[in-house]
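Read the structure below first, then the notes.
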Amino acid sequence: MANNKDRNWNSNAAGWKKWHVISERAARTATEVMLEMASVSKGDRVIDFATGLGDVAAACVKKVGPSGHVLATDSASVMLDFAKEYIADQNLTNVEFQLANFDKLKLEAQNFDAGLCRWGLMFAKDLVVTLSSIRNVLRPGGRFGAIVWGPPERAEVQSLTNRVLMEELGLPPVDTGEGTPFALSNRFDLEQSFGKAGFTNIESQVVSVIYDFSSAEEYVQYRRDRSSLEKQIAHCPEAARERAWAAVVTEARKRARPDRSVRFLSETIVIAGQNAVQQYF
């Protein structure tokens, strides 16, 4: 039986698919940096945790080539179905799919050359335990790379909506704390967690991603369709909810360019660590 988080991802999957072009275009640069930092190369066996719509898995397949293999995993069955469609549409074949939360995957130890997770690691229930489990499936010398959001004030494509909605409705902030999109936005703490999990040669960098929308209204519709915010404020009166969403539009318009388009330059943290090479004396 799916837990509440899994059901939320399933219910949001159609929105993710609707806005796939915008989100993937924005994420492309950070994704390429992650693959490079994880040393994904020809012939590798790679596992992609929380694959979502399959963007990272597809990029991996192109990197590893026909002699490599990619295992794409996700806890949401609808997301995984969309990922299968996306991969099939590109005629990519050396991909396997597995339905499971990355906290519960049962995988053979030291079986992968690299692991990846784009915008999923912040939802881990126990980060160090999850990272230790991920490290266990990597061969000695294998690397794991991840992308998470930077601080809320520097990732407004996510945080602007959250902040304005909650302020307008008199609700507590939703940006911080365990299990939120910004749970791992402290770069130093994130590197420390990788170290506690046994990773070595840890490196991280800030990579900006650019989200372009034709208008403030399009941006707000993007957030309404893709996030769980509608569910979080469902208990509020409808009129109050619509006023709050209108306030988000007004705030987003302050960032509009002369042609009414809106651009968000938002920070991500790309991090990678290595499963230590075994030493024999």
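Results, tabulated for the structure shown:
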quantity: GluC sites (Glu not before Pro) within the range 175-281, DSSP loop, no more than 13 other Cβ atoms inside 10 Å; calculated: Glu178
quantity: Theoretical gain in end-to-end length, Ser261 to Asn8 [0.36 nm per residue, Cα-Cα removed]; calculated: 88.1 nm
quantity: Within a Gaussian network of the chain (alpha carbon springs, distance under 10 Å), most fluctuating of Asn186, Asn162, Asn91; calculated: Asn91
quantity: Residues Glu36 and Lys231, FRET efficiency given R0 of 51 Å [Cβ-Cβ distance, rounded to 0.05]; calculated: 0.90
quantity: Fraction of antiparallel bridges per DSSP, the chain only, in percent to nearest 5; calculated: 50
quantity: Neighbour-limited loop hits for trypsin sites (Lys or Arg not before Pro), the range 93-162 (at most 14 other Cβ within 10 Å; DSSP other than H, G, I, E, B); calculated: Lys104, Lys106, Lys125
quantity: Filtered GluC sites (Glu not before Pro), the range 57-137: DSSP coil and at most 10 other beta carbons within 10 Å; calculated: Glu108
quantity: Which labelled figure in (i) 27; (ii) 22; (iii) 19 is percent of Cα pairs over 34 Å apart, once derived from the coordinates; calculated: (iii)
quantity: Positive-end residue of Ser75, Ala50, Tyr86, charge dipole of the chain with Cβ unit charges; calculated: Tyr86
quantity: Extension gain (nm, one decimal) between Thr176 and Leu99, 0.36 nm per residue minus Cα-Cα; calculated: 24.9 nm
quantity: Table column - 3J(HN,Hα) (Hz), the range 78-88, Karplus curve with 6.51, -1.76, 1.60, x for Gly and Pro; calculated: 5, 4, 5, 4, 5, 4, 4, 4, 4, 5, 5
quantity: Segment Asn136-Ser67, extension gain: residue separation times 0.36 nm, minus the distance between their alpha carbons; calculated: 22.5 nm
quantity: Residue-wise HN-Hα coupling along the range 156-167, computed from phi with Karplus coefficients 6.51, -1.76, 1.60 (Hz; x: Gly, Pro); calculated: 5, 4, 9, 7, 4, 4, 4, 5, 5, 4, 5, 5
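No lab work stands behind these numbers, since they all come straight from the coordinates. The structure presented is a predicted model; accordingly, all values stated were derived computationally and were not measured. Quick reminder, even Gly has a Cβ in these numbers, built from the backbone with ideal geometry, and neighbours come from all protein chains shown.
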